[in-house]
Structure formats: structure tokens, C-alpha cells
Amino acid sequence: MVLAGEELSQNNFAFMELAIQQAKLALDCLEVPVGCVILEDGKVIATGRNRTNETRNATRHAEMEAIDTLLDMWQKQGLSRLEVAQKFSKCCLYVTCEPCIMCASALSILGIKEVYYGCANDKFGGCGSILSLHLSCTQPNTSGEVPQGKGFKCAGGIMATEAVSLFRSFYEQGNPNAPKPHRPLVNQATL
């Protein structure tokens with residue numbers, strides 16, 4: 001579902017292909033196959049892939065890995081918080097699956113300019129599937145606080161078939177890191 005009026009260039013597909021390559025690396029490491037790249041001025045400045053199983057840390061999504069790479073790099077360069085915010089406001093993210101609520105919220109708070117994703121995330125999507133955290137909101141919430149997110153341009157459906165195919169490969173092979181069921185599975189043949 002690409003946003004109305006969205007013109008996709010060959011660059012969009014080339015950058016999404018780089019994100020797909022990161023997702024394949026995740027799949028090779030028995031991770032849920034999500035990958036991303038972050039661009040500034042049309043150049044890739046960070047990549048990320050899911051590392052939740054490897055690190056045993058549920059927050060190590062592809063987007064968070066790439067964000068942390070940039071924050072570390074910019075901190076080493078001595079950039080101020082304002083300079084970091086200015087840099088994020090010029091960045092674009094390409095990710096194979098719609099950012100989850102956690103990642104979409106982080107991207108909004110950081111003030112990223114644009115996000116392009118492959119397939120929708122019907123269970124946890126933060127860019128329209130479940131919540132629309134990419135939309136800027138300046139209205140106070142029920143507790144009277146104004147949300148900190150800046151909102152960002154967002155378009156999905158770019159190479160979605162390829163992204164879904166990676167998910168299918170992952171789930172067909174089985175997830176060796178998934179928790180064991182707490183109760184025995186019901187035999188479907190006896191029902």
C-alpha cells in the first residue's frame with residue numbers, strides 16, 4: 001500500500017534491496033528476517049538487522065540496531081543533541097517490514113524524515129496497521145501531556161512480496177528460539 005501520489009524511483013527499490021539483504025543476514029542467523037538501511041543525502045549511513053535471539057534482548061529490532069549505530073557514531077564525532085536531531089530530520093529509513101509500535105515511536109521521537117517499508121505488520125505495526133505513530137500529534141493526551149513525536153512521511157508495500165517470502169522461509173523452518181508451549185498441542189486430526 002504505497003501512499004497516494006507516491007512516485008517510486010529505481011532508488012527506492014535499490015535501497016529496499018539493501019534492506020532485504022540485511023533481512024537475509026538475519027534469517028541466516030535464525031532471527032526473524034527484518035532488515036533496514038538508513039540514508040542521509042541519498043547515501044547509506046547505517047544498516048541493521050534483527051538480533052533479538054542473538055542478544056537475548058527483545059528490543060534489538062533492525063531499526064534500533066541501525067539507530068544505535070548512528071547514535072554511537074555521532075556521539076564519537078562530538079555532535080550535540082541538537083545536531084543529532086538535525087541529522088535525523090534529514091534521514092530516510094528503508095525497512096523490510098512496517099516498524100512495530102516500539103520502533104515507530106522511537107523514529108517519531110528522533111524526528112526521522114521518511115520511512116519506506118515492505119510488508120505490513122498486522123500484529124504490531126506502528127505506521128498504520130495497528131497505530132499511526134508516524135502522524136504528528138500536537139494535541140494533549142488524556143493526562144494533559146503533549147506527545148513528543150514529530151511524525152514522519154511513511155509509505156509501504158515496496159517489495160512486500162520479497163519481505164513476506166523471507167518470513168515464510170523463517171516460519172517454515174521453525175523458530176528454534178521460540179519458547180516451548182506451556183500445554184501440549186491439540187492433535188488436529190482427532191478433532
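The values are calculated or read from the model by the stated rules, or taken from the named source; none is laboratory data. Source: prediction; values computed, not measured. Here Cβ is always computed from backbone atoms with ideal geometry, including for glycine, and neighbour counts include all displayed protein chains. Protein only, heavy atoms only, side chains kept; ligands, DNA and RNA dropped before computing areas. Shrake-Rupley method; radii C 1.70, N 1.55, O 1.52, S 1.80 Å.
Share of segment 12-65's accessible area from carbon and sulfur, percent, 1.4 Å? Carbon and sulfur atoms account for 54 percent of the accessible area of segment 12-65.
Phi angles of segment 24-33 translate, via the Karplus equation with coefficients 6.51, -1.76, 1.60 and θ = phi - 60°, into HN-Hα couplings of 5, 4, 4, 4, 4, 9, 6, 9, 4, x Hz per residue; Gly and Pro are given as x.
Is segment 1-101 rounded, prolate or oblate when judged by the Cα gyration tensor, a ≥ b ≥ c being the square roots of its eigenvalues, rounded requiring a/c under 1.5 and prolate requiring a/b larger than b/c? Taking the square roots of the gyration eigenvalues as a ≥ b ≥ c, segment 1-101 is oblate.
Label-to-label distance for LEU30 and SER169 is 1.7 nm, based on points extended 7 Å past Cα in the beta-carbon direction. Projecting the Cα positions of GLY78, ALA62, LEU27 onto the charge dipole of segment 1-120 (unit charges on Cβ atoms of Lys, Arg, Asp and Glu, taken about the Cα centre) puts GLY78 furthest along the positive direction.
Net length available on complete extension from SER132 to LEU18 is 38.5 nm, with 0.36 nm assigned per residue and the Cα-Cα distance removed.
Under the shape rule built on the C-alpha gyration tensor, where the axes satisfy a ≥ b ≥ c, segment 7-57 is prolate, since a/c reaches at least 1.5 and a/b is greater than b/c.
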